[in-house]
Each structure stands twice: as structure tokens, then as C-alpha cells.
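Below: the structure, in C-alpha cells.
The values are calculated or read from the model by the stated rules, or taken from the named source; none is laboratory data. Since the structure is predicted, the reported quantities are computational estimates derived from the model, not experimental observations. In this analysis, Cβ positions are derived from the backbone assuming ideal geometry, glycine residues included, and neighbour counts consider all displayed protein chains. Each accessible area value is taken on the protein alone, full model and side chains, heavy atoms only, with ligands, DNA and RNA left out. Shrake-Rupley method; radii C 1.70, N 1.55, O 1.52, S 1.80 Å.
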Amino acid sequence: MTVTVDDSADVLAVALAARWRQAVDPRSLGSAVTSAMNEATMRALAKQVERPVVVEPPAPPAPQHDGSRITLAEATRLMDAVTADLERFTRQVSEVVDRPVTAESRGGHVRGTAQRGQVLDVAVDPGWAHAARDSELEQELVEVLRALRARSAPADLARGPQSPAIAELTALVSDPNTLLRRVGLLP
């Protein structure tokens with residue numbers, strides 16, 4: 001059993017060994033898949049850790065306002081919006097981190113559970129696995145493993161909180177002297 005993943009640990013393929021039925025009881029196929037998936041994920045994560053860190057230049061800040069003073073109302077509006085965006089992001093992260101996710105193949109023969117990017121369990125209908133073609137098995141396994149990966153480690157959350165208000169605040173604090181002038185602390 002081999003699970004192939006990319007550098008981000010996204011599932012590319014599942015390959016059953018030739019004559020796997022002589023080596024693995026179809027009732028224990030799910031645990032073999034779980035082990036293979038988690039091993040592939042760990043290898044991908046190890047590669048990420050070993051890879052040299054490439055520091056990308058920061059994105060240019062959002063366009064600044066006209067340089068006029070920031071009023072209390074504007075500052076309050078911005079902070080309220082950023083706070084709401086951060087609370088929303090925190091809820092989304094908690095939903096992913098704090099609870100297991102499940103997935104089932106369209107054919108209904110393979111089910112799985114994952115949490116925090118780790119596959120906890122894969123269950124394969126043993127009667128179906130005994131009679132199904134390897135390509136059918138591999139397809140349903142890939143389908144479930146991809147869904148578990150996407151649901152338990154969403155890429156959009158890995159980028160961190162993103163919103164227009166957060167971008168505006170980041171642009172403001174990217175130039176401390178301008179910020180201090182705009183809030184009235186520097187001439």
C-alpha cells in the first residue's frame with residue numbers, strides 16, 4: 001500500500017500492491033491505509049521542515065489614505081471590524097482543530113475520520129474490497145483521503161486571517177511614523 005502526497009501533504013494517489021489480498025485481510029485494509037496516509041503526511045511535513053526558509057518580500061501595503069488625521073470614529077470602526085474578523089477566524093480554526101471530520105466515498109464503500117490533518121481511521125467495506133477491482137478501491141480511497149485532508153487542514157486557514165479591515169490596519173502600522181502623524185502624536 002502506497003499513498004503519494006505532494007509537498008503540502010495533499011493526496012495525489014493511492015496504489016495497492018500487486019496481490020495485496022494475499023498479504024492483507026480486506027477487513028484490515030482500512031488500518032493499512034490509515035498508516036500509509038499518516039506516514040506519507042509525516043514525510044511531507046519533514047520535507048517542509050528541512051527545506052530552507054525562503055523569505056519573501058512583504059506585500060506592498062494597501063494604499064494609504066490621504067494622510068489626514070485618523071478620527072476616533074475611524075479608529076473605532078477599524079478596530080471593531082478587525083476584532084470581528086479575528087473572532088470569525090478563531091471560530092473557523094476552532095471548528096477544524098477541536099472536532100474530528102468525516103468523509104465517505106461516493107460509492108459508500110470507504111469512510112474515514114481525521115482531525116488536525118491526521119487520519120484517525122479509515123473503514124473499507126470488506127465484502128466490497130474482496131471483490132472490487134484495485135482501480136475502484138484506489139479511486140474511493142483517494143476520494144476519501146482527499147476529502148479528509150481538505151476538511152481537517154483547510155489551506156485557506158493556513159494563510160491566517162484575511163480581510164479588508166486587517167489589510168487596512170496592516171497598511172497603517174507598516175509605517176510607524178506615518179501612523180503616529182495620522183493619530184496626532186507627531187507633527
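Here are the numbers:
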| quantity | calculated |
| --- | --- |
| 12 Å beta-carbon shell around ASP125, net charge (K/R +1, D/E -1) | -1 |
| Share of carbon and sulfur in the accessible heavy-atom surface of the stretch 102-187 [1.4 Å probe, %] | 53 |
| Crossing angle, helix 134-152 versus the chain [Cα axis fit, 0-90 degrees, rounded to tens] | 30 |
| Solvent-accessible area per residue, Å², over the stretch 74-187 with all protein chains present [probe radius 1.4 Å] | 58 |
| Helix 164-173 axis, angle to the chain major axis (alpha carbon atoms, nearest 10°) | 50 |
| Per DSSP, loop trypsin sites (Lys or Arg not before Pro) in the stretch 93-187 with at most 11 further Cβ within 10 Å | ARG106, ARG133, ARG159 |
| Packing rank of 120-127, 97-104, 71-78, where each peptide gets the mean count of other beta carbons within 10 Å, highest leading | 120-127, 97-104, 71-78 |
| Rounded accessible area of THR90 (nearest 10 Å², 1.4 Å probe) | 80 |
| Sum of side-chain charges, ASP6 neighbourhood, beta-carbon under 14 Å (Lys, Arg +1; Asp, Glu -1) | +3 |
| Net charge, SER163 excluded, C-beta distance under 10 Å - Lys, Arg +1, Asp, Glu -1 | -1 |
| Cα long-axis angle, helix 72-97 against the chain (0 to 90 degrees, to the nearest 10) | 10 |
| Listed values (i) 1, 8, 15, 17, 18, 17, 12, 7, 3, 1, 0, 0; (ii) 1, 9, 15, 21, 23, 17, 9, 4, 1, 0, 0; (iii) 1, 7, 13, 14, 12, 10, 9, 8, 7, 6, 5, 4, 2, 2, 1, 0, 0, entry calculated as P(r) over Cα pairs in 5 Å bins from 0, in percent | (iii) |
